[in-house]
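The values are calculated or read from the model by the stated rules, or taken from the named source; none is laboratory data. Because the structure is predicted, anything quoted here is derived from the model rather than measured. When we count neighbours, we look across all protein chains shown, and the Cβ atoms used for this are built from the backbone with ideal geometry, even at glycine. Surface areas here come from the heavy atoms of the whole protein model, side chains and all, with no ligands, DNA or RNA. Shrake-Rupley method; radii C 1.70, N 1.55, O 1.52, S 1.80 Å.
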Amino acid sequence: MPSTFTPNAVESEQKLPGIGGRPPVDEWPTGGGGGGGGDDDWSNAHKGPRELLYRIRAFIFCALAGDMMFFVALVVLFYARQASTHMDPATLRQVGDWHPVLMPPILFLNTAILLVSLLTMELARFHIFQEIDVMEEWLGLGKPALNRSRPWVLATLVLGVLFLIGQFIAWSQLTSDGYAFDSRATPASYFFYIITGLHAAHLALGVLALLICLCTLGLFRRVHYRQIAVDATAWFWHAMGLAWFLLFAVLTFGQ
């Protein structure tokens, strides 16, 4: 008589998704943060939450690559316009009309604020990926990962708004000093408005993304959706921070 295979109690317990057993393999939270973590199936990146994370990251990277090329083109135009000359009718010599713009002091404070916001955003990403906190959420023991990451997302949002307010103050100071938005009269200030204004528009999109992320974190029932939301927002915010540091260096030392 052929023998039948009967799973033992341990194997049966591991298949149960309830308390005392392991969660389903494809429902484990995504990895990638400072806390690490993962089950045996995470090595396969072609299924489960990790595939969704990789797809969203790839989309964000492609979009950000286009933005970075756009800012690089602005910098090239900045240097090309700075080096351009015209004929002076009085002396019949080639002269330039580029007059450097003194950076408003508040821009240095803005740069420090943005730097701190990068740290707070990374802390939010760090806490949402903490393995111990995530496992507690999967076991129904509260939402420690969410509760610890959400204040850092809020702090990043506040710092982003402060940065935008600082940019408006800088533009007001520049206008009061006589540097108008006119490419013929003051080409240096014209490029200053263009470069800082376009970056501020991108950062405003980042602030909107932070606001949406903050409002929807509590609505997601699955942990990996919250992780993906914070991770995607963090990558965009870090890219905007890096772009500002490069543009600020060009405006400060490139004239």
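A few notes on this one:
- Considering residues of the stretch 151-178 that are at pLDDT below 90 and not small (Gly, Ala, Ser) only, the residue surrounded by the most Cβ atoms within 10 Å (Cβ to Cβ): 174
- Matching entry among 171, 237 (being assigned to a helix (DSSP H, G or I) and within 22 Å of the chain's Cα centre (by Cα)): 237
- Applying the criterion of being within 29 Å of the chain's Cα centre (by Cα) and open to solvent by 90 Å² or more (accessible area, probe 1.4 Å) to the residues of the stretch 77-101, the residue that is modelled with the highest pLDDT is 77.
- Of the residues contained in the stretch 198-206, none is found to be more than 14 Å from the chain's Cα centre (by Cα), under 24 Å from residue 73 (Cα atoms) and outside any helix (DSSP H, G or I).
- For residue 211, the criteria (1) in contact (Cβ under 8 Å) with a residue 60 or more places away in the chain; (2) assigned to a helix (DSSP H, G or I); (3) open to solvent by 60 Å² or more (accessible area, probe 1.4 Å); (4) of a type outside the set (Lys, Arg) hold in every case but one, which is (1).
Residue by residue, here is whether (1) closer than 22 Å to residue 158 by Cβ; (2) of a type in the set (S, T, N, Q) holds:
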residue: 173; (1), (2): no, yes
residue: 187; (1), (2): no, no
residue: 193; (1), (2): no, no
residue: 198; (1), (2): no, no
residue: 201; (1), (2): yes, no
residue: 230; (1), (2): yes, no
residue: 233; (1), (2): yes, yes
residue: 237; (1), (2): yes, no
residue: 240; (1), (2): yes, no
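- Among the candidates 181, 245, 192, the residue that is surrounded by fewer than 18 Cβ atoms within 10 Å (Cβ to Cβ), part of a helix (DSSP H, G or I) and among the aromatic types (Phe, Trp, Tyr) is uniquely 245.
- Any chance residue 253 is open to solvent by 60 Å² or more (accessible area, probe 1.4 Å) and over 27 Å from residue 197 (Cα atoms): no
- Every pair of residues 6+ apart whose Cβ atoms lie under 8 Å, when the first sits in the stretch 159-178 and is in contact (Cβ under 8 Å) with a residue 24 or more places away in the chain and closer than 18 Å to residue 115 by Cα while the second is in a helix (DSSP H, G or I) and open to solvent by 80 Å² or more (accessible area, probe 1.4 Å): 166/109
- Candidates are the residues of the stretch 29-57 that are open to solvent by 50 Å² or more (accessible area, probe 1.4 Å) and among the hydrophobic types (A, V, I, L, M, F, W, C); the one that is modelled with the highest pLDDT is 56.
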